[in-house]
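Okay, so here's the structure we're looking at.
Readers should treat all values here as calculations from the given coordinates under stated rules, not as data from a laboratory. In this text, all values refer to a predicted model and were calculated from it rather than measured experimentally. So basically every Cβ, Gly included, is an ideal-geometry build from the backbone, and we count neighbours across all protein chains shown.
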Amino acid sequence: MSYVDGFVIPVPEDQKDAYRKMAEEAAVLFREAGATHVVECWGNDVPEGKVTDFHGAVKAEPGENVVFSWITWPSKEARDEGNRKVMADPRMKMPDVMPFNPQRMIFAGFEVIVEAGEK
């Protein structure tokens, strides 16, 4: 089964276009490095919970939205090698001003245990 990197990111509402541009450019690099699918989702129905929620997970501040994204890889090994390639690519240079605070981004790798439907 495939392997998935998942991300939850707080992004200021007024940085949506800048974030989208950065994400589109990064998606090209990840695909070139072997990712099979890259998805970036802008929150539009992200309720605030009583115990925990996406906003709290990334300490979203007023005026920030939550981005939920994932990158699918053929395997963990392909992901590890792909990430090495992406991080070494000079096109991956981070901008001087990021459209989000990377310190509040959460991310992790996941082994797929159930997969249903179309790919």
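Side notes on the structure shown:
- Full-extension gain in nm, SER75 to VAL39, via 0.36 nm per residue minus C-alpha separation: 11.2 nm
- Ignoring aspartates and glutamates fewer than eight residues from LYS76 along the same chain, the ones with Cα atoms less than 14 angstrom from its Cα are ASP5, GLU111.
- Its relative contact order, with pairs defined as Cα atoms under 8 Å and 6+ residues apart, puts the chain at 49 percent.
- Taking amide H as placed 1.01 Å from N in the peptide plane, TYR3 has its amide H under 5 Å from the amide H of TRP73, SER75, each at least 5 places away in sequence or on another chain.
- Qualifying GluC sites (Glu not before Pro) in the stretch 1-83, DSSP loop, other Cβ atoms within 10 Å at most 14: GLU48
- Taking every DSSP helix (H) stretch of at least 4 residues in the chain, weighting each as -39,500 (n - 2.57) and dividing the sum by the residue count yields a mean residue ellipticity at 222 nm of -8500 deg cm²/dmol.
- In the stretch 63-113, trypsin sites (Lys or Arg not before Pro) in a DSSP loop with at most 12 other beta-carbon atoms within 10 Å: LYS93
- The stretch 66-83 - phi-based ³J(HN,Hα) in whole Hz, Karplus 6.51/-1.76/1.60, Gly and Pro as x: 10, 9, 10, 9, 8, 10, 9, 10, x, 6, 5, 5, 5, 5, 4, 5, x, 5
- Under 5 Å, built H, 5+ apart or other chain: amide partners of GLU64: GLU13
- The overall shape of the stretch 47-119, judged from the alpha-carbon gyration tensor, is oblate: a/c is not under 1.5, and a/b is no greater than b/c.
- Partners of LYS21 within straight-line reach, counting lysines whose Cα lies under 21 Å from its Cα and excluding those fewer than 8 residues away in the same chain: LYS85, LYS93.
- Label positions at ALA88 and LYS59, each projected 7 Å from the Cα along the C-beta direction, are separated by 3.4 nm.
- Of the trypsin sites (Lys or Arg not before Pro) found in the stretch 3-64, those that fall in a DSSP loop while having at most 16 other beta-carbon atoms within 10 Å are LYS50, LYS59.
- Chain lengthening between VAL114 and GLU25 when straightened (0.36 nm per residue, less Cα-Cα): 29.1 nm
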